[in-house]
Amino acid sequence: MNMKTLMVMSILMTSTLITLTSNNWLGMWMGMEINLMSFIPMMSNKSDKKASQSMMIYFLTQSIGSIIMLFSILSNKFILQNMNSQIMQMILTISLLIKLGGAPFHMWLPEMASNLNWKNLMILMTWQKLAPMTILSNNNNNNIYMFIILSATIGAIGGLNQTSLRKIMAYSSINHLSWMLMLMMMENNWLMYLILYSLIIMMMFMMLNKKNIFFVNQLNTNKMNTVEKMTFTSLMMSMGGLPPFTGFLPKWLTIQSMMNSNMWLIMLLMVLMSLITLFYYLRMMYPLIMIYNTKTKWINLMINSKTMITIMLFNTLLPIMLMLPLF
C-alpha cells in the first residue's frame, strides 16, 4: 500500500466516523461529502478508461443524493421547522437510498460496479453503506416498507440474466439491503447483518481478486483447486442464506422478527425473492461443483489451503455457536 492509498483510506474512514459521531445534520452531511471526495481518487486508474466513467457516475449520483439531503435538512430547519414532517422524512429517506443504491434508485450501482476492481467494489458494498444506514436507523420512516419490497424484488430479478460477476454482486447487494432495512425497522440490529455480510463479501472478493475472475464463464477455467472450489461454494451458499452457513443467521433473525410482528405477506415475498437470488448463486456454483476438471490436481496453490479451510470453518461453525444459546 503506497502513501497515496494510505492517506485516502485514512480520510475515507475518518469522514465516516465524522458522520457517525456528529450530533447535528450539517455535520453528518459534511462527513458524507468528505467521504465522497475521498472515495473518488481510489477509483482513478490511468490504465483503465472505464474508471473515469465510474468516477463520473458515482460523483453525479452521490451529488444528487447530497443535494436532496441538504434540501430536506434546510427545509425542516428554516421552512417547516418540524423535524417530524412526513414529507421531509420521505425526502431524506429517498436521498439516503440514492446514496445506498436501493431500488428504485439503483440504476447507477450495477453499471458502476461492472467497471470497478474487486477491492473498490468491496469498499463500495461494505464500508460505504455504514454512514447512510446509520442516519436511516435514527430516522425510521414507515413508508420505507415500499422501498424494501422494491429492493428485494429488483435485487433478485435483476441478477438473473447477468454474466458479469460484478453486476451479479451489485444486484445481490440491493437484495441484501432490503433485508438490512427490514431488520432496521424491526429490531435495529442491522449492524450485525452488515458486519456478517461484509465478512462474507471480503472473503469472496479476496478469492476472485486473487484469481482475476470477473465473469461467470471464467469459473469454469482451471484457476481454482479443489479446496478453493469448496470454499467459494460455501461462501456462495452463505450469501444465499442457506443453513448452517453464516449468511443464514441474520436472515433467520429478520424472519423471526417479521413473524413476531405478523408481517406474513412481506416475509413470504422476501423469502421468495431470496430463493430467486439463490438461483443465480447456484448458477455461479455449477461450473465448480458439477463440471469435472481433470487438470485440477496439477494446479499450483495460489492461496494457502489452510486459509481456505479456516474460511470454511468460520462460514459453518460461527452460526452454529451463535445459535446454540437460543435453544
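Considering region 45-56, and only residues there that are buried (at least 17 other Cβ atoms within 10 Å of the Cβ) and touching a residue at least 24 places away in the same chain (Cβ under 8 Å), the residue that is farthest from LEU124 (Cα to Cα) turns out to be ALA51.
Per the listing THR226, THR254, the residue uniquely of a type outside the set (A, V, I, L, M, F, W, C) and modelled with pLDDT under 80 is THR226. Remark: pairs (first residue in region 249-265, in contact (Cβ under 8 Å) with a residue 60 or more places away in the chain; second residue surrounded by fewer than 20 Cβ atoms within 10 Å (Cβ to Cβ) and aromatic (Phe, Trp, Tyr); Cβ separation under 9 Å; 6+ apart in sequence or on different chains) = MET258/TRP264. Figure legend. Inter-residue proximity from region 20-32: first residues under 12 Å from LEU74 (Cα atoms) and at pLDDT 90 or above, second residues hydrophobic (A, V, I, L, M, F, W, C) and part of a helix (DSSP H, G or I), beta-carbon distance below 8 Å, spacing 6+ or different chains. Indicated pairs: TRP29/MET69; TRP29/LEU70; TRP29/ILE73. Has region 187-198 got at least one residue that is among the aromatic types (Phe, Trp, Tyr), out of contact with any Gly (no Cβ under 9 Å at 6 or more places or on another chain), surrounded by fewer than 16 Cβ atoms within 10 Å (Cβ to Cβ) and under 30 Å from MET88 (Cα atoms)? Scanning region 187-198, I find no residue that is among the aromatic types (Phe, Trp, Tyr), out of contact with any Gly (no Cβ under 9 Å at 6 or more places or on another chain), surrounded by fewer than 16 Cβ atoms within 10 Å (Cβ to Cβ) and under 30 Å from MET88 (Cα atoms), so the answer is no. Within region 183-227, the set of residues being free of Cβ contacts under 8 Å to residues at least 24 places away in the same chain, of a type in the set (Val, Ile, Thr) and over 24 Å from GLN256 (Cα atoms) comprises just one member, THR221. Scanning region 241-280 for residues that are part of a helix (DSSP H, G or I), under 18 Å from the mean Cα position of the chain (by Cα), farther than 15 Å from LEU177 by Cα and hydroxyl-bearing (Ser, Thr, Tyr) yields a single hit, TYR280. Between MET32, MET42, the distinction of being over 16 Å from ILE98 (Cα atoms), within 20 Å of the chain's Cα centre (by Cα) and buried (at least 19 other Cβ atoms within 10 Å of the Cβ) belongs to MET42 only.
The values are calculated or read from the model by the stated rules, or taken from the named source; none is laboratory data. Note that the coordinates shown come from a computational prediction; the quantities given were computed from them, not determined experimentally. Heads up, the Cβs are rebuilt from the backbone with ideal geometry, glycines too, and the neighbour counts pull from every protein chain shown.
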